[in-house]
1. Conditions first: (1) surrounded by fewer than 19 Cβ atoms within 10 Å (Cβ to Cβ); (2) at pLDDT 95 or above; (3) outside any strand (DSSP E or B). Leu252 passes all but one, so which condition is the exception?
2. Based on this model, can you work out whether Phe148 counts as open to solvent by 60 Å² or more (accessible area, probe 1.4 Å), modelled with pLDDT of 95 or more and of a type outside the set (Gly, Ala, Ser)?
3. Restricting to the stretch 58-76, name every residue that is small (Gly, Ala, Ser), closer than 18 Å to Glu102 by Cβ and part of a strand (DSSP E or B).
4. So, in the stretch 110-120, how many residues would count as being open to solvent by less than 50 Å² (accessible area, probe 1.4 Å) and either in a helix (DSSP H, G or I) or touching a helix residue (DSSP H, G or I) at 6+ places or on another chain (Cβ under 7 Å) (or both)?
5. Among the residues of the stretch 121-133, are any closer than 28 Å to Gly237 by Cβ, part of a loop (DSSP other than H, G, I, E, B), open to solvent by 10 Å² or more (accessible area, probe 1.4 Å) and of a type in the set (Ser, Thr, Tyr)?
6. Among (1) in contact with a Ser or Thr (Cβ under 9 Å, 6 or more places away or on another chain); (2) open to solvent by less than 10 Å² (accessible area, probe 1.4 Å); (3) under 25 Å from Ile243 (Cα atoms), there is one condition Gly107 misses while meeting the rest; what is its number?
7. Which members of the stretch 161-220 meet the condition of being assigned to a strand (DSSP E or B), over 18 Å from Pro39 (Cα atoms), of a type in the set (A, V, I, L, M, F, W, C) and open to solvent by 30 Å² or more (accessible area, probe 1.4 Å)?
8. For the stretch 77-96, which positions are modelled with pLDDT under 95 and either surrounded by 13 or more Cβ atoms within 10 Å (Cβ to Cβ) or assigned to a strand (DSSP E or B) (or both)?
Amino acid sequence: MRLNCAALATILLLAVVPVATNAATNAATPAVATVLKAPRDRAQTADFRASGRLVRVDADGTRSSSGITVKAHWFSGVLRVMVDVAPPSNAKSEARAHVLLEMRPNGQNVIQIAHPGDKAPATIPFDRWSDGPLGPGFSYEDFLEPQFFWPGQTAAAETKFGARICDVLISTPEAEDKTHYAQVKTWLDHSIGFPVYVEKTLKGTGSVKEFTYFGLRHDGGVWSASQIESKTRGHGGSTLLIIDHGTAKANLSLGDFSPQQLTRF
């Protein structure tokens with residue numbers, strides 16, 4: 001069974017995908033609560049493991065790859081996600097890392113990291129949340145996907161994205177929400193409520209990161225994608241999150257996300 005790690009909130013997630021195009025339809029604008037139900041339900045019922053690769057492709061075609069394993073579970077009021085990242089394939093000094101991400105609907109999220117030999121995990125400062133295991137293409141914050149719980153939610157009219165009819169959700173944070181994004185716009189397949197395309201606008205610069213979901217599938221009652229590609233509009237290169245295998249019902253417990261697990265290599 002294949003999962004994506006973006007399905008965490010979807011979080012996360014190979015298929016050949018045609019060029020996507022957007023075309024508005026005459027459909028009525030759906031209710032925000034209806035559009036939000038599927039992505040929030042996915043976060044609040046999450047209990048999965050998935051493994052695969054995080055691949056960065058530079059503008060000149062140079063590739064670097066890291067093995068990655070993700071596990072996630074919703075506990076009362078908090079989604080916990082642990083990411084195990086291997087050193088990049090072309091690295092000489094980078095160490096393996098465990099990252100624990102905690103997403104709370106009130107916006108008070110926390111990200112911790114540990115490396116081999118650490119006695120205790122360290123909290124990643126907020127100004128580093130826009131970094132990531134292979135750079136900012138897939139940032140630490142992108143593994144959290146908190147936008148579906150932000151207070152600012154607007155649903156636009158149904159729109160075609162490629163061959164799919166999508167509900168478009170525009171999410172905006174408030175001051176207390178810890179995020180580097182000013183807005184997240186999500187195209188959710190109307191029939192399944194799963195994202196097919198996302199635009200995330202960064203605060204300050206206004207740069208837009210584009211996420212395209214490939215290979216949607218339905219296994220064990222759970223929708224997922226086998227690959228997510230991240231690009232920054234106007235820039236070359238991309239980052240791919242590729243999921244090779246996983247399980248939708250991992251029966252995880254609080255102990256699977258403990259400080260002891262975080263520092264155990």
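1. Here Leu252 clears every test but (1).
2. Details: open to solvent by 60 Å² or more (accessible area, probe 1.4 Å): no; modelled with pLDDT of 95 or more: yes; of a type outside the set (Gly, Ala, Ser): yes.
Taking the combined requirement at face value, the residue does not satisfy it.
3. Within the stretch 58-76, Ala72 is the sole residue that qualifies.
4. Residues in the stretch 110-120 being open to solvent by less than 50 Å² (accessible area, probe 1.4 Å) and either in a helix (DSSP H, G or I) or touching a helix residue (DSSP H, G or I) at 6+ places or on another chain (Cβ under 7 Å) (or both): 2 in total.
5. Yes, the stretch 121-133 has at least one match.
6. Every listed condition holds for Gly107 apart from (3).
7. Listed by number, the residues that qualify are Ala182, Leu202.
8. Answer for the stretch 77-96, where residues must be modelled with pLDDT under 95 and either surrounded by 13 or more Cβ atoms within 10 Å (Cβ to Cβ) or assigned to a strand (DSSP E or B) (or both): Val85, Ala86, Pro87, Pro88, Glu94, Ala95, Arg96.
The values are calculated or read from the model by the stated rules, or taken from the named source; none is laboratory data. Keep in mind that this is a model prediction, so the values were computed, not measured. Cβ sites come from the backbone with ideal geometry, for glycine too, and all protein chains shown count toward neighbours. In case anyone asks, the SASA skips ligands and DNA or RNA and just uses the protein heavy atoms, side chains included. Shrake-Rupley method; radii C 1.70, N 1.55, O 1.52, S 1.80 Å.
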